[in-house]
Amino acid sequence: MTEQFPGAVLDILDGAGDRTVFEHAGREVSGACLLGMVRRAVNGLTQHGIGPGDGVAMLLGAGPGAFAAIIAAHVVGARVVGVRPGLTEPQREHLLRGVGVRVTDRTDGPGTPEPGVVLTFDDLLASADDGVRPRVLARPGDVARLLHTSGSTGFPKACSQTYAAMTAGWAHRPDAWPPAVRELAGLLDRFLVFGTLASQVMMEYGLLALAAGGTLVTADPPEFPDALVRYRATASVVTVARLTKLVAAQRESPVDLGSLRALMVSGSPLEPGRLREAAEVLGPVVFHGYGQTETGMISMATPTEPAGSLGVPPVDLEIRDASGRPVRHGTDGEIFARTPAQSSGYWQEPALTAEVFSDGWVRTRDLGRLDAAGRLWLTGRVRDVIIVNANVYYAGPVERLLATHPSVAEAYVVAVPDDSTGEAVHAFVVPAAGRTPDLGSLRALVTAGLGEACAPTRLVLIDEVPLTAAGKPDKRRLGEGN
């Protein structure tokens, strides 16, 4: 019987021995040392009566202590809830509801005492290290962690991922790496981590780096490009907004990024124009991942993929029409995915679970198509629509067409009320360097490609798109400005 997660992670640390696996706050931490921290944290959690099925919230950063605490909580079979910085107080309380134990290294919490049991790293690591490999108590069907969505529509939704799903995940299993992930893994010699390892994306890539023999290097604060230079990073994770700022900084005042070999872009679509610009300035280093909190990684484009493509998905994937039937390659439709490590549903929300999870498939609510070679292309969001004269038009194709214009770096469109047509398209455009987009030429481009109903009736030039707390474009704020 296969040992449950995180058994394979313990093996990775044991195999690393005296090799440095973490660089943090000026010190090097070996695999053996980090494994010892995990053992002490396991003993500390056990002494506090924490075991299979218990909820444990992690309010942590990205250092080795945070890593040890999270892995230890999984060893004892707890239900881990990551709490990222930047949440509003109501969102934070929503995430912590019903969680009796909190592990923290933060000093910026609210002034009132936290309810339940609060443990610090010192509490956990005060236990003795008995030198014995911890026995993994995780049970396959138990919820291993609650992964929260961005909360862009209000409170974040909690996706339940079981220990069986985490065990089936690819990051810590070199034998399961898809081709694009295997290519990426070879570039993670010095992987820059920041924020919190309770983040799904940061932990997944961190485990991948360790499994590939790399070192996790912490940066706080993660100022780019300075941090990449200071820590001689070969790789890191970036949002589209951070990538855009990095490219602009390199154009204005270049620094030596000779060590950089991979930037994993996640969180939102990357326009082909932005990708081409990044390749021109940074070289062939951008890996563009596509996935959701509910599914984990669905596909990944390597630097050699055509701009806009997300590569060939290494998971089960179907493009379906409005009636739920699969469509042929080349036809747009809604993306349904089935991945080894996907969530089993939304925590304590059966009605919402039934809307998204069905017969082993996850409804992504993204629109896309598969080309003749099996590559995935995104074309929009199911709910991101403009209704003109009672006809439904998707925002994604309009945005992507606008972004092909040479004067446009990024384009975002929103629906606004219109007395004549019910709704109309308003476009928000980030100009390309040295260019000034013109409403007339953009209208002509869209009219020729998608029809007059999709053509923007108003154009607003912006320096950058506002972002949600999760770093995704906040089109709701754009719309509120109309």
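The values are calculated or read from the model by the stated rules, or taken from the named source; none is laboratory data. Owing to the predicted nature of the structure, the values given are computational and were not obtained by experimental measurement. Here Cβ is always computed from backbone atoms with ideal geometry, including for glycine, and neighbour counts include all displayed protein chains. These accessible areas exclude ligands, DNA and RNA; they are computed on the full protein's heavy atoms, side chains included. Shrake-Rupley method; radii C 1.70, N 1.55, O 1.52, S 1.80 Å.
Only a single criterion out of (1) modelled with pLDDT of 90 or more; (2) open to solvent by less than 70 Å² (accessible area, probe 1.4 Å); (3) closer than 20 Å to H288 by Cβ; (4) in contact with a strand residue (DSSP E or B) (Cβ under 7 Å, 6 or more places away or on another chain) is not satisfied by F428, namely (3). Considering only residues in the stretch 336-353 that are among the small types (G, A, S) and part of a loop (DSSP other than H, G, I, E, B), the one that is nearest to T149 (Cα to Cα) turns out to be S343. Total residues in the stretch 32-54 satisfying the condition of being touching a residue at least 60 places away in the same chain (Cβ under 8 Å) and either within 16 Å of G131 (Cα to Cα) or open to solvent by less than 40 Å² (accessible area, probe 1.4 Å) (or both): the figure is 12.
The single residue among P284, P313, P340 that is touching a helix residue (DSSP H, G or I) at 6+ places or on another chain (Cβ under 6 Å) and at pLDDT 95 or above turns out to be P340. If you check G15, G82, G26, G61 for being over 21 Å from A158 (Cβ atoms) and within 27 Å of the chain's Cα centre (by Cα), only one passes: G61.
Are there any pairs, at least 6 apart or on different chains, whose C-beta atoms fall under 6 Å, with the first in the stretch 262-288 and farther than 20 Å from A411 by Cα and in contact (Cβ under 8 Å) with a residue 40 or more places away in the chain and the second of a type outside the set (S, T, N, Q) and assigned to a helix (DSSP H, G or I), and if so, which? Between residues of the stretch 262-288 that are farther than 20 Å from A411 by Cα and in contact (Cβ under 8 Å) with a residue 40 or more places away in the chain and residues that are of a type outside the set (S, T, N, Q) and assigned to a helix (DSSP H, G or I), the close pairs are A262/L184; V286/A278; F287/L184. For the stretch 354-377, residues that are touching a residue at least 24 places away in the same chain (Cβ under 8 Å) and part of a loop (DSSP other than H, G, I, E, B) total 5. Residues that are open to solvent by 20 Å² or more (accessible area, probe 1.4 Å) and either among the acidic types (D, E) or in a helix (DSSP H, G or I) (or both) within the stretch 223-242 comprise E223, D226, V229, R230, A241, R242, listed in sequence order. Taking the stretch 243-257 as the range and being farther than 22 Å from L208 by Cα and either part of a loop (DSSP other than H, G, I, E, B) or of a type outside the set (G, A, S) (or both) as the test, the residues that pass are T244, K245, L246, V247, Q250, R251, E252, S253, P254, V255, D256, L257.
Kindly check whether there is at least one residue in the stretch 396-418 that is open to solvent by less than 60 Å² (accessible area, probe 1.4 Å) and at positive phi. Checking the stretch 396-418: not a single residue is open to solvent by less than 60 Å² (accessible area, probe 1.4 Å) and at positive phi. Listed by position, the strands (runs of 3 or more DSSP E) inside the stretch 140-222 whose residues that are at pLDDT 95 or above, open to solvent by less than 10 Å² (accessible area, probe 1.4 Å) and of a type in the set (A, V, I, L, M, F, W, C) number at least 3 are 190-193. Residues in the stretch 58-69 that are over 20 Å from S127 (Cα atoms) and crowded, with 23+ Cβ neighbours inside 10 Å were compared, and the one that is modelled with the highest pLDDT is A62. Those strands (runs of 3 or more DSSP E) of the stretch 277-321 in which 2 or more residues are in contact with a Gly (Cβ under 9 Å, 6 or more places away or on another chain) and open to solvent by 40 Å² or more (accessible area, probe 1.4 Å) occupy 316-320.
S268 falls short on exactly one of the conditions (1) touching a helix residue (DSSP H, G or I) at 6+ places or on another chain (Cβ under 6 Å); (2) buried (at least 21 other Cβ atoms within 10 Å of the Cβ); (3) not in a strand (DSSP E or B), and that condition is (2). Scanning the stretch 355-391 for residues that are open to solvent by less than 60 Å² (accessible area, probe 1.4 Å), over 14 Å from E318 (Cα atoms) and among the charged types (D, E, K, R) turns up just one, D384. With the structure loaded, tell me whether G422 is small (G, A, S), surrounded by fewer than 16 Cβ atoms within 10 Å (Cβ to Cβ) and over 30 Å from the mean Cα position of the chain (by Cα) or whether it fails that test. Yes; evaluated as a whole, the condition is true for this residue. Looking only at residues in the stretch 11-26 that are in a loop (DSSP other than H, G, I, E, B) and touching a Ser or Thr at 6+ places or on another chain (Cβ under 9 Å), which one is surrounded by the fewest Cβ atoms within 10 Å (Cβ to Cβ)? Checked the stretch 11-26; the qualifying residue surrounded by the fewest Cβ atoms within 10 Å (Cβ to Cβ) is D18. Going by the structure shown, is V446 open to solvent by less than 20 Å² (accessible area, probe 1.4 Å), modelled with pLDDT under 90 and over 19 Å from P269 (Cα atoms)? No; evaluated as a whole, the condition is false for this residue. Filtering the stretch 449-474 to residues that are crowded, with 17+ Cβ neighbours inside 10 Å, more than 30 Å from T88 (Cα to Cα) and of a type in the set (D, E) leaves nothing.
Please verify whether the stretch 324-335 includes one or more residues that are modelled with pLDDT of 95 or more, touching a strand residue (DSSP E or B) at 6+ places or on another chain (Cβ under 9 Å) and under 30 Å from R145 (Cα atoms). Yes, the stretch 324-335 contains at least one residue that is modelled with pLDDT of 95 or more, touching a strand residue (DSSP E or B) at 6+ places or on another chain (Cβ under 9 Å) and under 30 Å from R145 (Cα atoms). Restricting the first member to the stretch 300-329 and to residues that are without any contact (Cβ under 8 Å) to a residue 24 or more places away in the chain and under 16 Å from E183 (Cβ atoms), and the second to residues that are open to solvent by 50 Å² or more (accessible area, probe 1.4 Å) and of a type outside the set (D, E), the beta-carbon pairs closer than 8 Å and six or more apart or on different chains are T304/P284. Assessment of the stretch 70-89 against the conditions (part of a helix (DSSP H, G or I) and surrounded by fewer than 24 Cβ atoms within 10 Å (Cβ to Cβ)) yields at least one matching residue.
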